1. From the protein chains alone at 1.4 Å, what is the descending order of accessible area for GLU615, GLU417, largest first?
2. Taking H as built 1.01 Å from N, whose amide H comes closer than 5 Å to the amide H of ALA183, not counting residues under 5 places away?
3. Cβ under 13 Å from TRP493's Cβ, TRP493 left aside: what net charge do those residues give with Lys, Arg +1 and Asp, Glu -1?
4. Can you show me the helix-derived [θ] at 222 nm for the chain, built from DSSP H runs with n ≥ 4 at -39,500 (n - 2.57) apiece and divided by the number of residues, rounded to the nearest 500.
5. From the square roots a ≥ b ≥ c of the eigenvalues of the alpha-carbon gyration tensor of the chain, which class results: rounded (a/c under 1.5), prolate (a/b over b/c), or oblate?
6. Counting only other residues whose beta carbon sits under 14 Å from that of GLY336, what net charge do I get with K and R as +1, D and E as -1?
7. Show which lysines lie in cross-link reach of LYS43 when reach means a straight Cα distance below 25 angstrom and same-chain residues fewer than eight apart are skipped.
8. Please report the net charge: other residues with Cβ closer than 15 Å to the Cβ of ILE559, K and R +1, D and E -1.
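The values are calculated or read from the model by the stated rules, or taken from the named source; none is laboratory data. Remember, it's a predicted structure, so these values are computed and weren't measured experimentally. FYI the Cβ positions are ideal-geometry reconstructions off the backbone, even for glycines, and counts take in every protein chain you see. Only protein heavy atoms, including side chains, enter the accessible area calculation; ligands, DNA and RNA are left aside. Shrake-Rupley method; radii C 1.70, N 1.55, O 1.52, S 1.80 Å.
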Amino acid sequence: MSIPFLVSLVDGKAAGLFFDNSYRSWVDLGASKPGTLEYRALKGEFRLYVMVGTPQTVLERYTELTGRMSLLPLWALGFQQSRWSYVPQSRLLEIARTFRERRIPCDALYLDIDYMDGFRCFTWNRKHFPNPPQMLADLHAQGFKVVTIIDPGIKIDPAYEVYQDGLAWKYLLTYPDGEPFNAPVWPGDCHFPDFSDPQVRQWWGDNHQGLLEDGVDGIWNDMNEIALITGFPRQVPDMVTHSKEGQGADHAEIHNVYGLLMTRACKEGQQRLRPDRRPFLLTRSGWAGVQRYSIHWTGDNNSTWQHLALHVQMVLTLGISGIAMASADIGGFSGGPGPELYTRWMQAGAFMPFYRVHSMKGSPNQEPWSFGTQVEKICRKYIELRYRLLPYSYTAMWQASQSGAPLVRPLFWANPEDTRAYSIQDQYLYGDAFLVAPVITQGATQRVVYLPDGLWFNFWTNESIPGGQMVSVDAPLDSLPLFVRGGAVIPLWPVQQYTSEKPVETLELQVYITAGNTTSQLYEDDGSSPNYDSPEAHRLSEFILQVNQDGSGSLRRVIRQGGYTPAYSHQKIRVIGLKSAPSGVELAGGKLLSQGYDTATGILHLEIDATGNFELLLE
Ligand code: GLC
């Protein structure tokens with residue numbers, strides 16, 4: 001993943017510099033000449049876009065230029081289980097069954113390279129998967145989606161149709177003398193499509209027809225750097241030629257954008273072949289703007305504490321580079337994490353843009369039940385929390401599609417003047433309201449957390465803590481240090497075993513009282529239609545909370561956009577942080593079905609039958 005975009009932040013002022021040159025390049029951030037930022041590239045033009053403002057506005061401008069993600073189907077926010085590889089079919093079905101039996105929510109299962117026939121893309125290994133449509137229908141009936149891997153390497157095999165077509169139609173990368181370039185990947189010697197040719201992208205996209213017709217729900221693009229495996233050459237030589245939309249180019253110019261062009265072919269293919277569904281694509285490689293086509297995982301990490309820490313750092317950095325949805329292999333790809341590391345990783349993962357466990361061939365099992373009952377119980381708790389927070393995460397994903405704001409944001413995001421937050425890279429904001437401080441140290445049962453200015457609430461205890469200070473938080477193995485910004489209104493759903501298990505009957509709202517005026521958003525649609533932009537297909541609400549010093553105030557829900565009607569007929573409201581029971585509660589826009597103040601917890605419980613606009617007055 002190569003994104004030549006740089007964000008600087010000095011005393012609250014942000015600048016973004018996008019070096020738009022796809023050749024191999026170097027950036028020297030004043031290391032050799034203090035005070036001088038130096039760009040160098042092998043070739044190409046010097047084209048630099050500069051944007052200034054706050055980190056938010058810089059990213060808004062950068063993604064205006066390079067593009068934003070489109071909404072993924074809701075299931076992409078559910079828990080996802082992968083490994084290299086679930087084969088044969090009986091093993092995959094056993095995994096699916098176990099999730100349901102153990103009541104651990106899960107939405108997606110992944111098929112790595114061994115589902116293919118000898119690693120030939122767009123084929124099935126019929127010995128291990130005798131009847132893919134039947135198997136996929138079975139899994140769909142249990143509420144699972146299935147994602148299959150596709151690599152760019154086309155096996156050199158005269159009996160393989162994709163190879164025949166690619167060769168006959170001259171869709172493959174060649175040396176300057178016209179000889180197809182070949183190099184080894186999983187299937188042995190391969191040729192590679194030239195995704196910089198629009199016709200090749202069309203052809204490649206259309207090649208997905210069989211998988212999609214069989215019922216595959218999403219695609220996973222790997223090795224698209226292009227990565228080659230042992231042998232010669234180790235990388236694609238610069239002289240290899242490309243079409244570059246008919247203009248002609250060598251590989252030195254296309255190398256960094258090859259992965260992005262592959263994802264473009266795949267996403268556009270999904271849109272053409274299955275226009276009634278939102279595409280789902282996960283990629284390893286990409287370049288500036290790849291967010292238009294795909295979400296991203298960070299490749300082959302290790303099951304180590306260092307790589308858990310890196311997971312947070314990389315997702316933060318990718319986020320301010322325009323990739324709003326990125327994550328790493330939870331539990332680590334190579335090696336075995338052991339129970340403690342796995343647990344900590346699963347906790348942090350619940351607050352990542354997407355939540356996928358993946359591991360390498362030969363590594364120990366990494367399903368949530370693989371480490372004994374205590375770990376399983378903790379994993380279930382965090383996966384369930386992920387499902388409870390789906391309407392919140394979905395709103396954050398929608399924000400990414402509108403403004404480029406990533407789901408995982410650096411601590412300085414909401415408050416760029418707070419210089420103390422600049423260098424913190426082991427904590428982050430998740431959406432508008434959550435502050436997450438994962439435990440990334442072996443054996444730790446406490447950690448120090450920096451809370452930015454404002455009032456914060458400990459998510460687990462509801463204790464309110466003034467920000468602008470470091471606090472020490474207890475973090476036994478089952479606890480992820482998690483805080484909510486005062487003034488936030490968090491939408492929640494009931495736990496489901498998968499995202500479309502049943503219609504949501506009640507929307508819960510958790511309101512965190514802080515003196516002042518705050519606004520929180522909630523975006524709703526059916527979670528699957530590609531035409532979500534149309535006015536009747538979605539709805540945007542704002543929760544406007546106004547609280548006086550004495551704790552009295554109001555909460556209003558105002559529908560700002562769209563006429564979508566969700567399934568629920570009730571809203572349950574929990575008001576957290578009141579000093580005492582309100583002397584009166586009044587509701588306009590619905591019926592107050594129940595109300596109760598719990599003196600032990602200080603929480604006011606309300607249930608109302610409104611589904612849209614309402615105004616609640618607390619006296
Ligand atoms: C690459 C991918 C990894 C995958 C493996 C086999 O190493 O990064 O996720 O499991 O190839 O396809």
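1. Working: GLU615 70, GLU417 130 Å².
Order by accessible area, largest first: GLU417, GLU615.
2. Residues meeting the amide H criterion: CYS190.
3. Net of charged neighbours comes to -1.
4. Calculated from helices alone, the mean residue ellipticity at 222 nm is -6500 deg cm²/dmol.
5. Numbers: a/c = 1.83, a/b = 1.50, b/c = 1.22.
It comes out prolate by the Cα gyration axes.
6. Counting the neighbours of GLY336, the net charge comes to -1.
7. Within reach: LYS33, LYS244.
8. The answer is -1.
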